[in-house]
1. Does the stretch A:160-174 contain at least one residue that is of a type in the set (Phe, Trp, Tyr), modelled with pLDDT under 90, in contact with a Lys or Arg (Cβ under 9 Å, 6 or more places away or on another chain) and not in a strand (DSSP E or B)?
2. Looking at A:Glu266, is it crowded, with 18+ Cβ neighbours inside 10 Å, among the acidic types (Asp, Glu) and farther than 24 Å from A:Leu112 by Cα?
3. Please enumerate the residues belonging to the stretch B:150-164 that are over 16 Å from A:Ala197 (Cβ atoms) and touching a Leu at 6+ places or on another chain (Cβ under 8 Å).
4. Looking at (1) within 12 Å of chain A (Cβ to nearest Cβ); (2) over 29 Å from the mean Cα position of the chain (by Cα); (3) surrounded by fewer than 15 Cβ atoms within 10 Å (Cβ to Cβ), find the lone condition where B:Phe162 falls short.
5. Tell me whether the stretch A:217-228 contains one or more residues that are touching a residue at least 24 places away in the same chain (Cβ under 8 Å), buried (at least 20 other Cβ atoms within 10 Å of the Cβ), among the polar types (S, T, N, Q) and not in a loop (DSSP other than H, G, I, E, B).
6. Checking the condition closer than 30 Å to A:Ile135 by Cα and modelled with pLDDT under 80, which residue from A:Ala102, A:Ala51, A:Ala20 passes?
7. Regarding B:Val169, is this residue in the same structural domain as B:Thr99 (by TED's automatic domain parsing) and touching an Asp or Glu at 6+ places or on another chain (Cβ under 7 Å)?
8. Go through (1) more than 29 Å from the chain's Cα centre (by Cα); (2) under 18 Å from B:Lys229 (Cα atoms); (3) not aliphatic (A, V, I, L, M) for B:Tyr194 and report which single condition fails.
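The values are calculated or read from the model by the stated rules, or taken from the named source; none is laboratory data. Bear in mind the structure is a predicted one, so any value in this text is a computation, not a measurement. Note that we place each Cβ from the backbone using ideal geometry, even for glycine, and neighbour counts take in every protein chain shown.
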Amino acid sequence: MLMHFKSRMARVSALVRAGAGAGVRLLVSGSGIVIQQYGSCARACMRWVKADPKAAAALIAPAAAAVVCALLAGIVLPLMHDLRPGGIQPALKERRGGAFMASRKAFLQQELQLARDDSIGLSIECVDSAAVLQIKGVHLRCAHIANIRINLPLRYLQKRYRATAFPDDIFRLRDQWSTIPKNPIKVRKAPADSIQAGSIQSEPRQEEPTDVYCMLVFDRRLIIEMRQKEPMALRAAAKIGWYHFRFGLHSFADVASSLVRRRLPESWHVLRIDVSREDARAIYRALPSKAGLALRLE
Amino acid sequence: MNAIPQPALPASKPRPGRGRLVLAGSAIGLVLASAILMAAPFLRDACYAVAEWGGPPMALSDFSDTALVKDATIEKQIADLQRKYSRLVPQDAYLVVSTSDNTFELRKGVIVIRKGVCSTGSYVLLTSKDSGQRWMFKTPRGMFRILEKEEDPVWHRPDWAFVEEGKPVPSPGSPERDEYGVLGAYAMSLGQGYMIHGTLYQRFLGMPVTHGCVRLGDEDLEAIFKALKIDSKVFIY
């Protein structure tokens, strides 16, 4: 019995070894073919350039010019714009000096401004890892932020000014995308008579638990990405990928319109926060279309 | 001296396809440029990493002595702002309702006196077949005030209550519209037909089932009715 098992195991391992060997050989030969193809293509191009340099220049020059223009306009000049001293936001000397206190003061001023609004607003305090829904100075819901990530432009800004680096004004919501509907509307047609009404099941249905992710686009090029801290299903992840693609298109349109208006495109400052699913859902649904945001980074 | 006859050079003709090559080059360039512009934000992000390697973005010399001296002033300003901000919280009892979780909190200042479950709007959009009218059963969000308090309230059924049951809608003011006992022992009006009241369907508490009102359990309703006065604030989110 043992011998039989051993011989079967040996056969299986031999098969695995053979399979792996064949795979490696296939990979090597495949990449060889690719290299050969590209090599021959490059050699053909070189031959063509040597044979007819003017024709080659006629093809390559406009393409290269467009690429260089795009690199300059899309990357080099905006970076120069962002990285020059005081380029993104003018920093107050006071704020740079009394870093922590000044950022606290700026945040309180933002919160007071938020309290003047008649609608619900959001305040995010990264120091305390708290996202708070509030109206008229009353904290309605305080969500603990499990994880905070900021993109490089925002991190650079934060390090540079050691404070909020934003003026004391609150941010205003401009656009929002989410994996859940803002209002979970269920359409129901009125019954024709009381008999039909009696046959309709009146038991309420709880909303199905769906993964929550939302992208809140504010003015002054600030984006808050809020997502649940619990792991997400593949479908929601695909939807998030789609939102990022849409944001890519939006950003492309933004760069193009800036260039048309002869202005340098600027960077987006992205803050990503992970909160619990319930908190994310409650916050997203409570925020009105032009909600205010008070933000404190450091 | 005899000149060696040279073979006649072919007349230089404009090369066909040069214009096409320029066009093709421009088209390729446009495609590549679009791709670069599309990826520009991400590429710029990556460039910031390089900028960060160049040293700390802020030198220590930037923390000037004059700025540090100002800290005492800022502390006083912060204390003032903090005082101003904390004064915004109502010192009387007020109610906070979550339509997302279907829960409530009765608070006084920042202290939670009582909390529990409630029922809020079901987000059903009812459409009438005959008139084409639509009713959205949602609880409004924002800040409200208690406008009226009533014991043993009578429900004056609106049109949708009849449409929902497939019954003919009676004329306004008809006694058919009055229903007793369905709103529980107390009701508090928030305006525009929205109320905080009790329910016969206690088992649905904690679920979004109402037509826009806030339903509470009997004990919670009594406690809230006693705690809130006319003009007390109700926050719904």
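1. Of all residues in the stretch A:160-174, those of a type in the set (Phe, Trp, Tyr) come to A:161, A:166, A:171.
Going one step further and asking which of them are modelled with pLDDT under 90, we end up with A:161, A:166.
Retained after the next criterion (residues that are in contact with a Lys or Arg (Cβ under 9 Å, 6 or more places away or on another chain)): A:161, A:166.
Next, from what is left, pick out any that are not in a strand (DSSP E or B): A:161, A:166.
Among the residues of the stretch A:160-174, at least one is of a type in the set (Phe, Trp, Tyr), modelled with pLDDT under 90, in contact with a Lys or Arg (Cβ under 9 Å, 6 or more places away or on another chain) and not in a strand (DSSP E or B), which makes the answer yes.
2. Working: crowded, with 18+ Cβ neighbours inside 10 Å: yes; among the acidic types (Asp, Glu): yes; farther than 24 Å from A:Leu112 by Cα: yes.
In short, yes.
3. B:Pro153, B:Val154, B:Trp155
4. (3)
5. Yes, the stretch A:217-228 contains a residue that is touching a residue at least 24 places away in the same chain (Cβ under 8 Å), buried (at least 20 other Cβ atoms within 10 Å of the Cβ), among the polar types (S, T, N, Q) and not in a loop (DSSP other than H, G, I, E, B).
6. It is A:Ala102.
7. Numbers: in the same structural domain as B:Thr99 (by TED's automatic domain parsing): yes; touching an Asp or Glu at 6+ places or on another chain (Cβ under 7 Å): yes.
Yes: the conditions hold for B:Val169.
8. That leaves (1) as the condition not met.
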